[in-house]
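Undergrad: Let me begin by handing over the structure; questions about it come next.
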Amino acid sequence: MTTNQPEEGQGNFRPPAEAGGGKLPATDQASRNHAAGSLPREIAEYAQAEEDLRQERDTTRNILQTVEAIILALDTEGRITLINRKGCDLLGWSEAELIGRDWFTTCLPPERPLDEIRAVFRKMLASDMAGSEYYENPVRTRSGEERLIAWHNSAIRDTGGKVIGGLSAGEDITERKQIERALQQSQADLNRAQAVGQIGSWRLNLARNELLWSDENHRIFGVPRGMPLTYQTFLAIVHPDDRDYVDRRWREAQGGAHYDIDHRLLVNGEVKWVREKAELEFDAAGHLLGGFGTTQDITELKLAEQALIEADQRKDEFLAMLGHELRNPLAPIRNAAHVLGRLDSNEPQVRWARNIIEQQVVHLTRLVDDLLDVSRIARGKIALQQTTVLLSEVVGQALEMARPLIEAKHHHLDVRLPEAPVRLRADPVRLAQVITNLLDNAAKYTPDGGRIELFAGLMKEAVAIRVRDNGIGIPAELRPYVFDLFQQGEQGLDRPQGGLGIGLSLAKRLVAMHDGRIDAASAGPGLGAEFTIRLPALVDAATVAVEHATVPVAATTACRVLVVDDDPAVADSMAALLSLEGHDVRTAAEGEIALALAREFRPRLILLDIGLAGMDGYQVARRLRLQHGAENAPYLVAVTGYGHEEARARSREAGFDRHLVKPVYPETICALLAEIVGAPATHA
């Protein structure tokens, strides 16, 4: 039997009839012929389908290779069946090296619990992985580096719907997580810093009226997080008494005004103080968006400030009381010393005792004055009484006050003033006080028998006053601090220089009040010191009139004087002093007695203590004015230990003609009597 070879193009296909050697019926033959014609088309279609599938797979593969996500497919055992170039590049393996490998042992960190991970994987496959699930898991690269990947997982199914593996798309989020952690840490640090500093922050969006607060701001305002915040929310917590002020300042800030304010809050019934600062925020076109600012809890600071203010007030009250109490005994001591001098005793020891008493009373009085003046200047309680004065007169007053200490230490004093009059605008009392303090300072810090020089003159349009000594000098390290309060430099236990360390500080402050300056210079320890005062001068001598004090005219007229003081030592010593001068004197210790004596005695001068028990001196003065009328009223002089401006103002309001601060020197009283009735001005 001959076997026919297939014709070209027919392959191995052989019709069944020919294979059996018989003939087919006509109808069967037609069917066979039809089938023989359609089979090549089916084969061609199948081949085309395979080609299309191959091309689709190649296209899909090419797409998977180019996407930026990691594409990974695992079979049900966890073996890698597909991984794209992104995954290979990340892991550091080639595709050929990874296909077929166990994913969990190859690409997960060694410390990961593989049994647990495999169990989770199997459970995930068993649940058919409905939809896509999200996980964040680290992977280990070939070099051992760990990278954190965000996975989206889904199931791979066959045509029958059976799960045959898992497909994952991953994104490397290592850097993003590091940034997030850094931001979280930064935010945590910021929150911690705000909590430590008690400074919160806020941002207000004007268009939405939306207010955002930091954690510390929520704490300060006592508002829990999550609550919607608006500008009205903030304003409602502001203390009712400050609300209009805060709202007005914020609206002014929107117009460009500076926003830096202190105000109160009312938080759960508790008053808090805060300091608010803000800056406006604009868009690129310059339109106002809102503001960003800070809130600082300054409650403790405000309480401390209030405590300091109260302590300062108590200190001032104490210093005023101290000055009053110290001055009270000084007055009778000074009066008694003056009486001793008027007795014309020939005993040298009596004269010596009198001089010592007077010198020490002057010294103690000036210490008290300096202490009180420094306190008043620091609080702005001293106002200069400036007039046009001659420099020579002011220097003369200072020399008179400083001479006792200079002579006691046997210093040689050299004074040089310009021959032509030098005029300046100054408070003569305060400027003389400054020069006196410099002279005293030179005398104290120069060994006995030293040399002190005082030079004064014009330098261009300034008056220059120099006080130079050859004393202990100023160390270089101390020179920047010589004008500081209570600064005295190093002293031994015996404190040979004495003092309180406030003279130079007081001098500097008084000079500054005169629009001047004071400087210190020294070549070093043991080489002396020089202090220079520079003040504005009045250079047009032809148009400047110098105000001189009126010199009282000497006379012998006696005067009726009433001394009112509840301290017998003060009243009796003043009465003894005035009696020696030839005046008719009465004393009273109480206000009512003083009023009765004034009606009967009709004094020309009344020296009236302010701090009387019961009816005080102010009340007595007012009663005396009413009692005697304007024409017959006595000359009223307030005598008190209080010298501050408030006390002087009250004296004027009560009707006093003069305000004198204890201790009142006999020379002052004699000059006052000469001014009133023409009595002798003074007795040496």
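Undergrad: Which one of the conditions (1) in contact with a helix residue (DSSP H, G or I) (Cβ under 9 Å, 6 or more places away or on another chain); (2) surrounded by fewer than 23 Cβ atoms within 10 Å (Cβ to Cβ) does ALA671 fail to meet, given that it meets all the rest?
TA: Of (1) in contact with a helix residue (DSSP H, G or I) (Cβ under 9 Å, 6 or more places away or on another chain); (2) surrounded by fewer than 23 Cβ atoms within 10 Å (Cβ to Cβ), only one is false for ALA671: (1).
Undergrad: Among the candidates ALA278, ALA207, single out the residue that is touching a strand residue (DSSP E or B) at 6+ places or on another chain (Cβ under 9 Å), aliphatic (A, V, I, L, M) and surrounded by fewer than 13 Cβ atoms within 10 Å (Cβ to Cβ).
TA: Working: ALA278 fails: surrounded by fewer than 13 Cβ atoms within 10 Å (Cβ to Cβ).
Among ALA278, ALA207, only ALA207 is touching a strand residue (DSSP E or B) at 6+ places or on another chain (Cβ under 9 Å), aliphatic (A, V, I, L, M) and surrounded by fewer than 13 Cβ atoms within 10 Å (Cβ to Cβ).
Undergrad: I'm told GLU133 meets every condition in (1) in contact with a helix residue (DSSP H, G or I) (Cβ under 6 Å, 6 or more places away or on another chain); (2) over 30 Å from GLY222 (Cα atoms) except one. Can you identify the failing condition by its number?
TA: For GLU133, the failing item is (1).
Undergrad: Of the residues that sit in the range 233-249 and are touching a Lys or Arg at 6+ places or on another chain (Cβ under 8 Å) and more than 16 Å from TRP202 (Cβ to Cβ), which one is surrounded by the fewest Cβ atoms within 10 Å (Cβ to Cβ)?
TA: It comes out as ASP241.
Undergrad: So, one more: Looking only at the range 455-471, how many residues end up being among the charged types (D, E, K, R) and either at pLDDT below 85 or more than 10 Å from GLU530 (Cα to Cα) (or both)?
TA: First pass over the range 455-471, keeping only residues among the charged types (D, E, K, R): 460-461, 466, 468-469.
In the following step, the residues that additionally are either at pLDDT below 85 or more than 10 Å from GLU530 (Cα to Cα) (or both) were identified as 460-461.
Residues in the range 455-471 being among the charged types (D, E, K, R) and either at pLDDT below 85 or more than 10 Å from GLU530 (Cα to Cα) (or both): 2 in total.
Undergrad: Filtering the range 546-568 down to residues that are modelled with pLDDT under 80 and within 51 Å of the chain's Cα centre (by Cα), which residue is farthest from LEU636 (Cα to Cα)?
TA: Applying the filter and picking the extreme gives VAL546.
Undergrad: So which residues in the range 456-478 are among the charged types (D, E, K, R) and within 17 Å of HIS514 (Cα to Cα), if there are any at all? Full working, then the answer.
TA: Of all residues in the range 456-478, those among the charged types (D, E, K, R) come to 460-461, 466, 468-469, 477.
Those that are among the charged types (D, E, K, R) and within 17 Å of HIS514 (Cα to Cα): GLU461, ARG466.
Undergrad: Need pairs with beta-carbon distance below 9 Å; first residue part of a helix (DSSP H, G or I) and within the range 98-109, second of a type in the set (A, V, I, L, M) and surrounded by fewer than 17 Cβ atoms within 10 Å (Cβ to Cβ); sequence gap 6+ or separate chains.
TA: Matching pairs, first to second residue: PHE104/LEU114; PHE104/ILE117; THR105/LEU114.
Undergrad: Report every pair of residues separated by at least 6 positions or lying on different chains whose Cβ atoms are under 6 Å apart, first residue within the range 135-153 and within 13 Å of TRP103 (Cα to Cα), second charged (D, E, K, R).
TA: Partner pairs satisfying both residue conditions: PRO138/GLU146; VAL139/ARG147; ARG140/GLU146.
Undergrad: Buried (at least 17 other Cβ atoms within 10 Å of the Cβ), farther than 23 Å from LEU417 by Cα and not acidic (Asp, Glu): does that describe LEU478? Lay out the reasoning, then the answer.
TA: On the way: buried (at least 17 other Cβ atoms within 10 Å of the Cβ): yes; farther than 23 Å from LEU417 by Cα: yes; not acidic (Asp, Glu): yes.
Spelling it out, LEU478 is indeed buried (at least 17 other Cβ atoms within 10 Å of the Cβ), farther than 23 Å from LEU417 by Cα and not acidic (Asp, Glu).
Undergrad: Any idea how many residues of the range 118-143 are surrounded by fewer than 14 Cβ atoms within 10 Å (Cβ to Cβ) and at pLDDT below 90?
TA: Going through the range 118-143 one residue at a time, the tally reaches 13.
Okay, residues lined up against (1) surrounded by 19 or more Cβ atoms within 10 Å (Cβ to Cβ); (2) among the aliphatic types (A, V, I, L, M); (3) at pLDDT below 90:
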| residue | (1), (2), (3) |
| --- | --- |
| LEU72 | yes, yes, no |
| GLU77 | no, no, no |
| THR81 | no, no, no |
| GLY92 | no, no, no |
| ALA96 | no, yes, no |
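Undergrad: Could I ask something else about it? Any chance the range 104-113 includes a residue that's modelled with pLDDT of 75 or more, under 22 Å from ARG157 (Cα atoms) and over 60 Å from the mean Cα position of the chain (by Cα)?
TA: Within the range 104-113, one or more residues are modelled with pLDDT of 75 or more, under 22 Å from ARG157 (Cα atoms) and over 60 Å from the mean Cα position of the chain (by Cα).
Undergrad: Name, by its number, the condition in (1) crowded, with 20+ Cβ neighbours inside 10 Å; (2) at pLDDT 90 or above; (3) touching a helix residue (DSSP H, G or I) at 6+ places or on another chain (Cβ under 9 Å) that does not hold for VAL415.
TA: For VAL415, the exception is condition (1).
Undergrad: Sticking with this one: Given the criteria assigned by TED's automatic domain parsing to the domain that holds ASP572 and either more than 30 Å from GLU358 (Cα to Cα) or not acidic (Asp, Glu) (or both), does LEU280 qualify?
TA: Values: assigned by TED's automatic domain parsing to the domain that holds ASP572: no; either more than 30 Å from GLU358 (Cα to Cα) or not acidic (Asp, Glu) (or both): yes.
Criteria not met by LEU280.
Undergrad: Right, another one. Got at least one residue in the range 424-443 being on the phi > 0 side of the Ramachandran plot and either assigned by TED's automatic domain parsing to the domain that holds ALA521 or outside any helix (DSSP H, G or I) (or both)?
TA: no
Undergrad: To continue, here is another question. Just checking, does the range 155-162 include any residue being free of Cβ contacts under 8 Å to residues at least 24 places away in the same chain, assigned to a strand (DSSP E or B) and not assigned by TED's automatic domain parsing to the domain that holds TRP250? I'd like the intermediate steps shown before the answer.
TA: The first filter runs over the range 155-162 and keeps only residues free of Cβ contacts under 8 Å to residues at least 24 places away in the same chain, leaving 157-162.
With the extra rule that they be assigned to a strand (DSSP E or B), the set shrinks to 157.
Now restrict to residues that are not assigned by TED's automatic domain parsing to the domain that holds TRP250: 157.
Yes.
Undergrad: Sticking with this one: Starting from residues that are hydroxyl-bearing (Ser, Thr, Tyr) and modelled with pLDDT of 75 or more, keep the ones in the range 361-398 and report whichever is nearest to the chain's Cα centre (by Cα).
TA: Our first condition is that a residue be hydroxyl-bearing (Ser, Thr, Tyr); within the range 361-398, this holds for 365, 375, 387-388, 392.
Adding the requirement that they be modelled with pLDDT of 75 or more leaves 387-388, 392.
Working: THR387: 39, THR388: 42, SER392: 46 Å.
Going through the qualifying residues, I end up with THR387.
Undergrad: Still on this structure, I have one more. Only one of (1) within 16 Å of LEU204 (Cα to Cα); (2) in contact with a helix residue (DSSP H, G or I) (Cβ under 8 Å, 6 or more places away or on another chain); (3) crowded, with 16+ Cβ neighbours inside 10 Å is not met by LEU266, so which one is it?
TA: Failed condition: (1).
Undergrad: Pairs, please: C-beta under 7 Å, at least 6 apart or cross-chain, first residue assigned by TED's automatic domain parsing to the domain that holds ALA674 and in the range 563-588, second surrounded by fewer than 20 Cβ atoms within 10 Å (Cβ to Cβ) and aromatic (Phe, Trp, Tyr)?
TA: ARG586/PHE601
Undergrad: In this structure, does LEU229 turn out to be outside the structural domain of LEU74 (by TED's automatic domain parsing) and either outside any loop (DSSP other than H, G, I, E, B) or touching a Cys at 6+ places or on another chain (Cβ under 7 Å) (or both)?
TA: No; evaluated as a whole, the condition is false for this residue.
Undergrad: Something else now. Looking at the range 652-664, is at least one residue surrounded by fewer than 16 Cβ atoms within 10 Å (Cβ to Cβ) and either modelled with pLDDT of 85 or more or under 21 Å from LEU330 (Cα atoms) (or both)?
TA: yes
Undergrad: Can you confirm whether the range 42-65 contains a residue that is modelled with pLDDT of 70 or more, part of a strand (DSSP E or B) and within 30 Å of LEU114 (Cα to Cα)?
TA: No, because not a single residue in the range 42-65 is modelled with pLDDT of 70 or more, part of a strand (DSSP E or B) and within 30 Å of LEU114 (Cα to Cα).
The values are calculated or read from the model by the stated rules, or taken from the named source; none is laboratory data. In this text the structure is predicted, and so the values were computed from the model without any measurement. Note that we place each Cβ from the backbone using ideal geometry, even for glycine, and neighbour counts take in every protein chain shown.
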